[in-house]
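Asks: Just passing along the structure, written as structure tokens.
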Amino acid sequence: MLTFQTPLDLVRVLRPETPIACVRPDRVGAAASWFQNNFPGDVLYAVKANPSEWALDAMYEAGMRWFDVASLNEIELIANRFDDAILAYLHPIKSRHAIERAYFEFGVRIFALDCEEELQKILEATNHAKDLTLVIRMAVSNDGSTMPLTGKFGCFGNEAVSLLQATRAHADELGVSFHVGSQCMDPHTYRVAMDTVSATILQAAVTVDIVDVGGGFPALYPGMNPPELQAYVDVIEQVFEEMPVLFNADLWCEPGRALVADSTSIVAKVEMVRDGKVYLNDGAYGNLFDAAHCKWPFPMEVHRPSGKISFHKKPFLIYGPTCDSLDVLDGTFDLPADIAEGDYVEFGMMGAYGTAMSTRFNGFGETTAYRVRDSISQTMFDTESAAERSYENNIIFFPRKEA
Ligand SMILES: Cc1ncc(COP(=O)(O)O)c(C=O)c1O
């Protein structure tokens, strides 16, 4: 992969016509190492956050061997890339065909479920295998998270109790899992979730071999100042000790966002500036899905391949390239007043759910990745104190405003 010192160098040399992912594999390596060194259990990378080959390779080089996969394609991707990967198929609702191929063709033994129908499906599709690790996904409070993931998956109450009991009878190993919601800003949310799980285990009176605390660990988006990741790990470790599970039960986590968010920025070309509107070649149906839908701030910087750019700022709307009027970023953005066709806008913190979410709608969506050393994204991992983890002084950041 070609390497550039800065995104500005990149646009000066390449003048790219399609969106660019400026990637920093060392950031992924640092994050993966941190989790593996500090989390008191097994760390599974949630592949959905960023399945790019360079990111997977950086994970693997940092020692990551466990992968949370959500589909047959993710299973194939990881199994074909890494011989010794351990795959956990943690989507609670899967097709029979996918379960069968996962079990018989790819050696997957770990499956999630949140209802009796899925239990039957897994048992039938694996020919009533005796070596299954079955992980019950429970619904828990998402109160501390910036992006709640409630409603779709997870069982609770009596339903969870009877599912735990029914599943125990068929599982070689029984696990419980949950998701506190993405970008969780409060470690206490994990305690609340683990307490809910503990109460359910006690009611079900089953032995539990695995507690999987899911994803949700935060990254450092502008304007958000989550506690240090160590605070999350400390809470989880402490509560795990108190849980009514086997004394040698395993503890897992499945981070996605926290492992990759700060690794990538997206550089999009300005195709037109007209009446306070900037039209880019990337947008809500492309790599900027999160930027368009999350409604939280991202660091941005404008690069001009030749000549100087104005210090004076003006508010602009930002549109993506497709013909859909939903292809717009929320709010207005203070961009250089003289921004023009041929400039490039860089969006930082796009490593999680960025390129992974890009579609081919309207024939757009082609993205090339280059390695870039410089970064506008701040990281949770290699700074000494929270005070240093700031976007002040070192980047141009245009906070989002209401339109
Ligand atoms: C089952 C499961 N595990 C892990 C993750 C990763 O979550 P996050 O990116 O918030 O860490 C997700 C995200 O949707 C998920 O559904």
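Asks: Kindly list the number of the only condition in (1) within 27 Å of VAL197 (Cβ to Cβ); (2) within 16 Å of the ligand (Cβ to nearest atom) that fails for SER52.
Replies: (1)
Asks: Moving to a separate point now. Pull out all pairs, ordered by first then second residue, where Cβ-Cβ is under 7 Å, the residues are six or more apart or on different chains, the first lies in the range 75-99 and is acidic (Asp, Glu), and the second is part of a loop (DSSP other than H, G, I, E, B) and open to solvent by 20 Å² or more (accessible area, probe 1.4 Å).
Replies: Correct list of pairs: ASP84/ARG65.
Asks: Another question, if that's okay. Please tell me if GLU100 is assigned to a helix (DSSP H, G or I), of a type in the set (Asp, Glu) and farther than 29 Å from ALA204 by Cβ.
Replies: No; evaluated as a whole, the condition is false for this residue.
Asks: Go through the residues of the range 85-94 one by one and say whether even a single one is open to solvent by less than 30 Å² (accessible area, probe 1.4 Å) and either away from the ligand (no atom under 14 Å from the Cβ) or among the aromatic types (Phe, Trp, Tyr) (or both).
Replies: Within the range 85-94 (the criterion being open to solvent by less than 30 Å² (accessible area, probe 1.4 Å) and either away from the ligand (no atom under 14 Å from the Cβ) or among the aromatic types (Phe, Trp, Tyr) (or both)), the answer is yes, since at least one residue qualifies.
Asks: I would also like to ask the following. Counting just the residues of the range 337-383 that are assigned to a strand (DSSP E or B) and within 21 Å of SER52 (Cα to Cα), which one comes out most open to solvent (accessible area, probe 1.4 Å)?
Replies: Per the stated criteria, the residue is ARG371.
Asks: Residues that are outside any loop (DSSP other than H, G, I, E, B), touching a residue at least 12 places away in the same chain (Cβ under 8 Å), open to solvent by less than 60 Å² (accessible area, probe 1.4 Å) and under 23 Å from MET380 (Cβ atoms): does the range 160-170 have at least one?
Replies: So far as the range 160-170 goes, no, none of its residues is outside any loop (DSSP other than H, G, I, E, B), touching a residue at least 12 places away in the same chain (Cβ under 8 Å), open to solvent by less than 60 Å² (accessible area, probe 1.4 Å) and under 23 Å from MET380 (Cβ atoms).
Asks: Would a scan of the range 61-69 turn up a residue that is buried (at least 16 other Cβ atoms within 10 Å of the Cβ) and assigned to a helix (DSSP H, G or I)?
Replies: The answer is no; no qualifying residue exists.
Asks: Is it fair to say LEU246 is in the same structural domain as TRP66 (by TED's automatic domain parsing), in a strand (DSSP E or B) and either more than 14 Å from the ligand (Cβ to nearest atom) or open to solvent by 10 Å² or more (accessible area, probe 1.4 Å) (or both)?
Replies: Against the criterion (in the same structural domain as TRP66 (by TED's automatic domain parsing), in a strand (DSSP E or B) and either more than 14 Å from the ligand (Cβ to nearest atom) or open to solvent by 10 Å² or more (accessible area, probe 1.4 Å) (or both)), LEU246 does not qualify.
Asks: Is there any pair linking a residue in the range 205-221 that is closer than 21 Å to PHE347 by Cβ to one that is more than 9 Å from the ligand (Cβ to nearest atom) and not in a loop (DSSP other than H, G, I, E, B), with Cβ under 8 Å and at least six apart or on different chains, and which?
Replies: Hits for this filter: PRO218/THR146; PRO218/LEU229; ALA219/ASP262; LEU220/ASP262.
Asks: Can you tell me which residue is nearest to MET194 (Cα to Cα) among those in the range 137-159 that are of a type in the set (D, E, K, R) and assigned to a loop (DSSP other than H, G, I, E, B)?
Replies: Across the range 137-159, the extreme among qualifying residues is ASP143.
Asks: Also, quick follow-up: Considering each of ALA219, ALA171, ALA193 in turn, give the residue that is modelled with pLDDT of 95 or more and more than 16 Å from the ligand (Cβ to nearest atom).
Replies: Sole residue among the options that is modelled with pLDDT of 95 or more and more than 16 Å from the ligand (Cβ to nearest atom): ALA171.
Asks: In the set ASP330, ASP334, which member is in a strand (DSSP E or B) and open to solvent by 20 Å² or more (accessible area, probe 1.4 Å)?
Replies: Exactly one residue qualifies, and that residue is ASP334.
Asks: Criterion first (closer than 24 Å to PHE364 by Cα, surrounded by 21 or more Cβ atoms within 10 Å (Cβ to Cβ) and not small (Gly, Ala, Ser)) does ASN50 satisfy it?
Replies: yes
Asks: Looking at (1) assigned to a loop (DSSP other than H, G, I, E, B); (2) open to solvent by less than 40 Å² (accessible area, probe 1.4 Å), which is the one condition that is false for LEU134?
Replies: It fails just one condition, (1).
Asks: Also, I was wondering about something else. Limited to the range 172-186, what total is found for residues that are crowded, with 23+ Cβ neighbours inside 10 Å, at negative phi and not hydroxyl-bearing (Ser, Thr, Tyr)?
Replies: So the answer is 7.
Asks: Residues that are touching a residue at least 12 places away in the same chain (Cβ under 8 Å), part of a strand (DSSP E or B), in the same structural domain as PRO16 (by TED's automatic domain parsing) and buried (at least 22 other Cβ atoms within 10 Å of the Cβ): does the range 274-281 have at least one?
Replies: Checked against the condition, which is being touching a residue at least 12 places away in the same chain (Cβ under 8 Å), part of a strand (DSSP E or B), in the same structural domain as PRO16 (by TED's automatic domain parsing) and buried (at least 22 other Cβ atoms within 10 Å of the Cβ), the range 274-281 yields at least one hit.
Asks: How about the range 287-303: which of its residues are over 14 Å from GLU346 (Cβ atoms) and assigned to a strand (DSSP E or B)?
Replies: None - no residue of the range 287-303 is over 14 Å from GLU346 (Cβ atoms) and assigned to a strand (DSSP E or B), so the list stays empty.
Asks: Across the range 16-40, what is the total count of residues that are of a type outside the set (A, V, I, L, M) and open to solvent by 30 Å² or more (accessible area, probe 1.4 Å)?
Replies: 10
The values are calculated or read from the model by the stated rules, or taken from the named source; none is laboratory data. Because the structure is a prediction, the values reported are computed rather than measured. Here the Cβ is made from the backbone with ideal geometry for all residues, glycine too, and neighbour counts use every protein chain on show. The protein model used for the area step is the full one, side chains on, heavy atoms only, and it has no ligands, DNA or RNA in it. Shrake-Rupley method; radii C 1.70, N 1.55, O 1.52, S 1.80 Å.
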